[in-house]
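The values are calculated or read from the model by the stated rules, or taken from the named source; none is laboratory data. Worth saying up front: this structure is predicted, and the values here are computed from it rather than measured. Using ideal geometry, Cβ is built from the backbone for each residue, glycine included, and neighbour counts are taken over all protein chains shown. Side chains included, ligands, DNA and RNA excluded: accessible areas come from the protein's heavy atoms. Shrake-Rupley method; radii C 1.70, N 1.55, O 1.52, S 1.80 Å.
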Amino acid sequence: MDQFCGSKYWDLDRLWNTNDNPDFTYCFEETAMLWTSCLILLVLTVPHAIYLQIYYSPRTKRNNLDIQMKMKSHKGIVDSESMKSDSLNLHQKQISHPIPWTVFSIAKIIVSLIFVILSILEMVSTLFLTNEIHSNFELFPVHWVSPIVKLITFAYLVLLLVQYRLNGVYSSGPIFLFCLTFMLYSIVNTRTLLLSVFDENSYFYPEFHRLYFISRIIGLVFSVGLFLLVCTNEYTSDRRLDPHQTASFLNRITFWWFTSMIIKGYKKPLTENDMYRMNPNNTSKKILSDFEYYFDTMRTSKIIKQMQLDASTGYQSESYNKDLVMKFDGSNRKNTPNMNVALVILRVYWPMLLGIGILKLIASCLTFANPIILDWLMTFMSDTSGSQPLWRGFLYAALMFVFPMFESVINGQHDYWMNIVILRVRTCMISMIYNKSLRLSTYGRRDYSTGEIVNIMSVDSQRLVDFLNWVNSIWSAPLQLGIAIYLLWQQVGYASMAGLVFMIILLPFNGWISALIRGNQVKLMREKDKRTKLMNEILNGMKVLKLYAWENSFLSKISELRSYECTELYKIAYLTGFMFFAFSAAPFLVGLLTFTIYVLTGNNLDPNKAFVSLSLFNIIRVPMGMLPMLLSMGAMSLVAIKRINKYLNSEEIDEDAIRYLPDQENAIRVRNGTFTWTRDGTATLKNIDLEIPHGKLVALVGSVGSGKSSLLSGILGDMEKTSGKVNVDGRVAFVPQQAWIQNATLRKNVTFTNQFDERKYRKVIKECCMEPDISILADGDQTEIGERGINLSGGQKQRISLARAVYSEAQIYLLDDPLSAVDAHVGKALFDNVISNRGMLRNTTRLLATHRISVLNDVDEIIVLKDGVISERGTMDRLIEQKGDFAEFVAEYLTENMYDTDGEENDLEDSQLMKSLAEKVRPILQRTESRRSQTSSSIRSISERSEELRRSSSMQRSISVRRRQGLSSNVQRQTSKDVKPIGVVKPKPANGKAGKLITEESSQTGSVKLKVYARYFQTIGYVISFTILFAMIAANVFQILSSLLLSEWSNDGLDPIKANDTHLRNQRLTGYAGYGFGEIISSLFSTILLNIACIRASKMLHNDMLGSILFAPMSFFDTTPIGRILNRFTKDVDVADSAMVFNLRMAVMQFFRTIVAFIMISLEAPLILVAILPILVFYWIIQRLYIASSRQLKRIQSTTRSPIYNHFNETVNGANSIRAYGVQDRFISDSNLKIDHNNSCFYSSITAARWLSIRLEFFGYTIVFLAAIFAVISRGTLDPGLAGLAISYSLNITGVLGMFVRSATDLETNIVSIERLIEYSEIEAEAPYQNERTKPENKSWPALGEIKFTNYATRYREGLDLVVRDVTFSIKSKEKVGIVGRTGAGKSSLTLALFRIVEPANGQIMIDNVDIRPLGLYDLRSKITIIPQDPVLFTGTLRMNLDPFETYSDADIWRSLELAHLKQFVHTLENELLYKITEGGENLSVGQRQLVCLARALLRKSRILVLDEATAAVDMETDTLIQETVRSEFADCTILTIAHRLNTVIDYDRILVLDQGNIVEYDSPKALLANRTSQFYSMAKDAKLV
């Protein structure tokens, strides 16, 4: 190289062994420095440039398009439209939008061109010198190569900048690095040139090199200018665009682009609208697409490998047949191999993880730069002879600034990109779990409740991604330990092996502890699942819970589960405490063993050995401290991965079970179908052969449990098909028996996923009898419907469900008893106008499951199901003639429906039908009556009623039990006067919230209030808090004392007398050991006590919130989504359980470590605090800026997470309907949007953390630099031991400050979860649950059951209109009163008032002359019995569902079951009374659930019974059983019945008619029907019943 340059390449005397002006050689600068700079640009950008040129070139676009066209041409599907579409799509994929040219971008091109010109000038000057001036001047290759290299490099840079501009590349790391290194080269080269000018012995002669000299000076100026231009940002007018996309490389690595968000967050509280729009690569759609591609590819690969293995062994597995592989498209995953989601994550993100790992490797190695430099600095400080020049000390100080700066930048990028991976993995997990919920089969679903799936989505997925944040520490921590041990060997020799042996001994201890933690973690998640599952059911059944006064029972059950959960948490806390003790003690014990062996073997401990070793011990402290956390988090993540894998591998619906092939004859065809809900049980449906022709109306009839709903589920593919074939030809719409309603506007519930068509919408609303309902809603059809339709009646929900199906314009309609929950007259109108062959659906195929006999005469065919088998089929007349199962069914109907109507006329048409049917099934009817007469003597004989029917054949019936009342033309005319045209909603009030039901989740702003901290520490306990604080202070005092002792000890090594004093040495060693043990024992005590105290506080906060929620008024649940409440009970409680323990411990610990560090640094020279003070001011400013934004980002992140869970809950509950309508993709898209919305907050939050970290670390290594500078200046006057102590602590200040601010910030952001728990624990409660002062003295109250309303009025919430208005009436003891009225009349409100679910606005209610308002709610509600319309059961045993307080004997329970006609059924169940009820009672039919509710009422047997249309959703047989039991067993009770069907109350003592909250009539049925001007008579007349 010397010959290449004509001078020395490397001159150590000139560079190092000089007292002033060290410098590189000209040859080194013109080769190594220049070429390295140029190679950075060429090597790192050429591959990317080639990629852009190939991928975005027009030729590639045309070639790709030609390939696609050929493929389609081969398939015979090419057409001009598809060609245009393919061309457009390919263009969109291949061509990025070019970036507009700006002043800065043009300036970059111009400066690069100037360098091209300067390079040419250098070549010209060289040529000029050679040929004209100094022909004897010897030129060497370097003179030509140097300008040529620069010419080529800058010419390439010009082309690269243009290409990047055209292809949408805003900034480039390699270009930045080139400009930086080239600028440094120019600075060093110009300095060398200037030094040479003033050196007469220099190689250069200025008078002969003016052109060269001028070009180099100009080059220096423009190199600085080019670097500054590269550091500028591109301007964009889109304020919501992620600035990272347009930021320069310097802005990216320093996160300066995020400063605007930080400042905005400081000036005002951030909102969701301030969040950046997600980078397209980070959107859910893109992330999930990539993940599912690899997921499916790996699964297919496993299938193929299994097939190859089977083929090689001569065995062909049935589960891995060729058909499965051919059909496999990513959705058909039944009978496919189990997948490990961790391996898929690794496969998808391994390139990013590899790049991130390289960054971690570099940063891990850079960590040891400062200890090495400290060794050099200590040698410099110990040199009192002055042999080392002063500039070396300043160089060491500068290096102690530069290397940490590089480490900080690299760590910042590592953490940022790792968090991007975390964001993507988290998105994958949530999306995959959500998507899986839409594909779960019934068999797979039975293992998971909604609460358990929410737990997997919220807790397990979070624990998986939390571990990813530390995954590189798995290898970097051992690497750092290894490097540290090696460097210790360099310092203290084989004494370092003592520390290594100790760390090896710790490994089995760690393994044992981590195994215990993992086991406890499994148990913890199991208990957490149970609690979440039950909490979800409680929230779904809260109204029933309050009506039964079961709050205390379920409070104790949840508290018990929480206690089990906390028991596991306590065990983990103890184990974590001991693990923390072991690893926090490890650095001290390693140091103690090392120093002990070192000095006891005759060596002296000097400042170099002591403080370089101490700095290495402090470095060891970090990876050693990480190991317990890694083991703990690793154990948690393994449990989480197993749970996620189990869920994602659970069985899915077999999408091939139902075929959708064209069929000219039949819309639905089932051949020899056998279906089951449970694979290990008997088949629910057997040998089903079914053909439903196109355009026909077919009815399914049968008793409870006969299989009607199951058959519809089988056709939808929701059941397990064990044999047979099913084909469906056409789009399907499904109306379930229990209507599924979304939390959206009424209009949105009807239009569902279809576009709004006003004309069609108006027609559907009209025919579905929804106009009167819309007219009374606060905001018309724009009124928001609450979760599960909580602000609608059962009939309204069912009509919306039917309207949704009609609006969808499907070809096949599966209707699961849609008329059961509506009023009789509405039911008739719905059938006539919508379902029948005269209705809107007349040209479609309809399969109607029903219990109504009166509609069967209008259907094309009747299919009778019995015990899961089709027993009969045919027309109504034909089936009656056969006198089989259908005839029995009709007889039951007639037995129930032919009560005397006190002489009122009967509907002629229905009367003739009843007469005809009665004659045809007379023998069966007589047998049925005989059986009924044995049960209830109050029912008249069949012969009497048949005779009455014949006598009144020309008169209309007054009331029909199983007849659904129809809307007459008279009713239509009446309502049309009051109802506005659909699509024109009512004018909104000024606040625009008339129809708003669900409240927006509140998000606090500003700092977390001090009262939140005070409440949390109060929950922990002030005595415990001060004890923990004292223990931590003691630990830090011991640390200060041990450090000062080490400083003195190290100085002893410089004094020959003290160095040989063994007594002093032993004294120092004993003192050092004593202080160290004092520190670790104090730390152990404080850690365990803090862990236990935080868990205890979390338990108390949970229980406070639980009590507050359970005793909150129903208005709270009406306006608060369940997902939002569950979010508090899952995510926020988990933060209180785990994160708060870690955050609080770290915040307090780092606070004391910061104070200790500054104390130690100030010992070097108190004056340094003056220099550090401005840094601390900036430090405080940065912290305040960050915390304001970070805190609010955490809050927004929490509030945007709730909609994800709300949507998920809604989806799980309506999965059957979503699949039936085939709109899974739409719901997945909605879920993705909500996830993206939450991710935008998460992205801002993680970026804010990086923004803070890099700034705090800058302040940290600035303090290191200042400490080193002060040490260098004070050489000769400062003890080396004290200097070493100060600098070693300053080396830690970066990590300590960073960890302190980060932990303090994490504490404040996570305290938001505590704030949210406290918020829900302070919800305004209902009235006192029990009140001893007002409790009736008579324990048997109410003994009579007399009820009196006096001027009573009520509303649901403050600010709403009255729903009951000044009503006054009384009910006598044992009186039976029916409450009737049209929708919105106030019927349910009146009964809710009786239970004080709603409180009075005026007036009072008296029961047995006792005002119920002062009573405790338990004292009131436990004395009244209700059989609700919706039968709600909870997970647990059957006995628990009947008697949650365990106050009744088994004999009492069996008697209630017998009276409820369930005894025989329960005897057939496994474990009988201990039979496990699944979530929502799904393993019982609706009728059986209603009978369980009847058994509850029979068990309680109070003097007042309320029936809220308890038989609306059951079949005729169940209805009969319930009515008979009520009449016989509650004969001596006061009964209030809300009646949608007038026959259920026609034989009552009195009828209460309500209209718009007012009593319009109150008299006996006979008197009201006799008065032709009464509204009760009008209700019958409007439906053509009188």
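Annotations
- Scanning segment 597-616 for residues that are part of a helix (DSSP H, G or I) and open to solvent by 10 Å² or more (accessible area, probe 1.4 Å) yields Ile597, Tyr598, Leu600, Asn608, Lys609, Leu614.
- Of residues in segment 264-296 being part of a loop (DSSP other than H, G, I, E, B) and β-branched (Val, Ile, Thr), the one surrounded by the most Cβ atoms within 10 Å (Cβ to Cβ): Thr283
- In this entry, Gln1488 passes the filter for residues that are open to solvent by 20 Å² or more (accessible area, probe 1.4 Å), touching a Leu at 6+ places or on another chain (Cβ under 8 Å) and farther than 30 Å from Ala1327 by Cβ.
A quick yes/no check of all residues on (1) hydrophobic (A, V, I, L, M, F, W, C); (2) free of Cβ contacts under 8 Å to residues at least 60 places away in the same chain; (3) touching a Gly at 6+ places or on another chain (Cβ under 9 Å):
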| position | (1), (2), (3) |
| --- | --- |
| Thr153 | no, no, no |
| Leu157 | yes, no, no |
| Gln163 | no, no, no |
| Asn167 | no, no, no |
| Gly173 | no, no, no |
| Leu177 | yes, no, no |
| Thr181 | no, no, no |
| Ser186 | no, yes, yes |
| Thr192 | no, no, no |
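- Answer from Ile1318, Ile1323 - the residue that is over 27 Å from Phe1152 (Cβ atoms), assigned to a loop (DSSP other than H, G, I, E, B) and either open to solvent by less than 60 Å² (accessible area, probe 1.4 Å) or among the hydroxyl-bearing types (Ser, Thr, Tyr) (or both): Ile1323
- Of all residues in segment 786-801 being open to solvent by 30 Å² or more (accessible area, probe 1.4 Å) and touching a helix residue (DSSP H, G or I) at 6+ places or on another chain (Cβ under 6 Å), the one that is nearest to Gly1123 (Cα to Cα): Ile790
- Exactly one residue out of Ser808, Ser836 is in contact (Cβ under 8 Å) with a residue 40 or more places away in the chain, hydroxyl-bearing (Ser, Thr, Tyr) and open to solvent by less than 10 Å² (accessible area, probe 1.4 Å), and it is Ser836.
- Residue that is most open to solvent (accessible area, probe 1.4 Å), among those in segment 685-699 that are farther than 13 Å from Ile870 by Cβ and not in a loop (DSSP other than H, G, I, E, B): Pro693
- Selection count where residues are farther than 18 Å from Leu468 by Cα and open to solvent by 10 Å² or more (accessible area, probe 1.4 Å), scope segment 352-388: 17
- Evaluation of Val1272 against (1) under 30 Å from Ala1401 (Cβ atoms); (2) assigned to a helix (DSSP H, G or I); (3) out of contact with any Ser or Thr (no Cβ under 8 Å at 6 or more places or on another chain) (one fails), failing number: (1)
- Candidates Leu1297, Leu1282, Leu1278, Leu1233, filtered to the one that is open to solvent by 30 Å² or more (accessible area, probe 1.4 Å), touching a helix residue (DSSP H, G or I) at 6+ places or on another chain (Cβ under 8 Å), hydrophobic (A, V, I, L, M, F, W, C) and more than 30 Å from Asn282 (Cβ to Cβ): Leu1282
- Close contacts from segment 1329-1340, counting a first residue that is under 20 Å from Lys546 (Cβ atoms) and open to solvent by 90 Å² or more (accessible area, probe 1.4 Å) and a second that is part of a loop (DSSP other than H, G, I, E, B) and not aliphatic (A, V, I, L, M), with Cβ to Cβ under 6 Å and a gap of 6+ residues or different chains, come to Gln1330/Gly1416.
- None of Gly714, Gly702, Gly730, Gly673 is crowded, with 24+ Cβ neighbours inside 10 Å and closer than 23 Å to Ser808 by Cα except Gly714.
- Residue check, Met1160 touching a residue at least 40 places away in the same chain (Cβ under 8 Å) and within 30 Å of Met381 (Cα to Cα): yes
- Evaluating Glu1458 against the criteria (1) under 13 Å from Leu1494 (Cα atoms); (2) part of a helix (DSSP H, G or I); (3) open to solvent by less than 50 Å² (accessible area, probe 1.4 Å) leaves one unmet condition, (3).
- Of all the numbered requirements in (1) of a type outside the set (A, V, I, L, M, F, W, C); (2) outside any loop (DSSP other than H, G, I, E, B); (3) touching a Gly at 6+ places or on another chain (Cβ under 9 Å); (4) without any contact (Cβ under 8 Å) to a residue 12 or more places away in the chain, Thr682 misses one, and that requirement is (2).
- Residue within segment 1346-1368 that is aromatic (Phe, Trp, Tyr), surrounded by fewer than 17 Cβ atoms within 10 Å (Cβ to Cβ) and either without any contact (Cβ under 8 Å) to a residue 12 or more places away in the chain or out of contact with any Cys (no Cβ under 8 Å at 6 or more places or on another chain) (or both) present: no
- Filtered residues of segment 1070-1109 (kept if crowded, with 19+ Cβ neighbours inside 10 Å, modelled with pLDDT of 90 or more and among the charged types (D, E, K, R)): Lys1099
- Residues within segment 1110-1146 that are small (Gly, Ala, Ser) and either modelled with pLDDT under 85 or open to solvent by 10 Å² or more (accessible area, probe 1.4 Å) (or both), tallied: 4
Let's see how each residue does on (1) assigned to a helix (DSSP H, G or I); (2) out of contact with any Leu (no Cβ under 9 Å at 6 or more places or on another chain); (3) not aromatic (Phe, Trp, Tyr):
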{"residue": "Arg1153", "(1), (2), (3)": "yes, yes, yes"}
{"residue": "Phe1158", "(1), (2), (3)": "yes, no, no"}
{"residue": "Leu1173", "(1), (2), (3)": "yes, yes, yes"}
{"residue": "Ala1188", "(1), (2), (3)": "yes, no, yes"}
{"residue": "Ile1196", "(1), (2), (3)": "yes, no, yes"}
{"residue": "Ser1202", "(1), (2), (3)": "yes, no, yes"}
{"residue": "His1207", "(1), (2), (3)": "yes, yes, yes"}
{"residue": "Glu1210", "(1), (2), (3)": "yes, yes, yes"}
{"residue": "Asn1216", "(1), (2), (3)": "yes, no, yes"}
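- When restricted to residues that are within 17 Å of Ile1559 (Cα to Cα), more than 47 Å from the chain's Cα centre (by Cα) and in a loop (DSSP other than H, G, I, E, B), segment 1373-1399 contains 0.
- Pairing residues of segment 277-305 that are within 28 Å of Ser1244 (Cα to Cα) with residues that are basic (Lys, Arg), at Cβ distances under 7 Å and at least 6 apart in sequence or on separate chains, gives Arg277/Arg240; Pro280/Lys286; Asn282/Arg424; Ile287/Arg424.
- Scan of segment 1433-1447 for residues that are at pLDDT 85 or above and open to solvent by 30 Å² or more (accessible area, probe 1.4 Å), ordered by number: Arg1439
- Pairs, first part of a helix (DSSP H, G or I) in segment 218-232, second surrounded by fewer than 19 Cβ atoms within 10 Å (Cβ to Cβ) and of a type in the set (Phe, Trp, Tyr), C-beta under 7 Å, six or more apart: Leu229/Phe104
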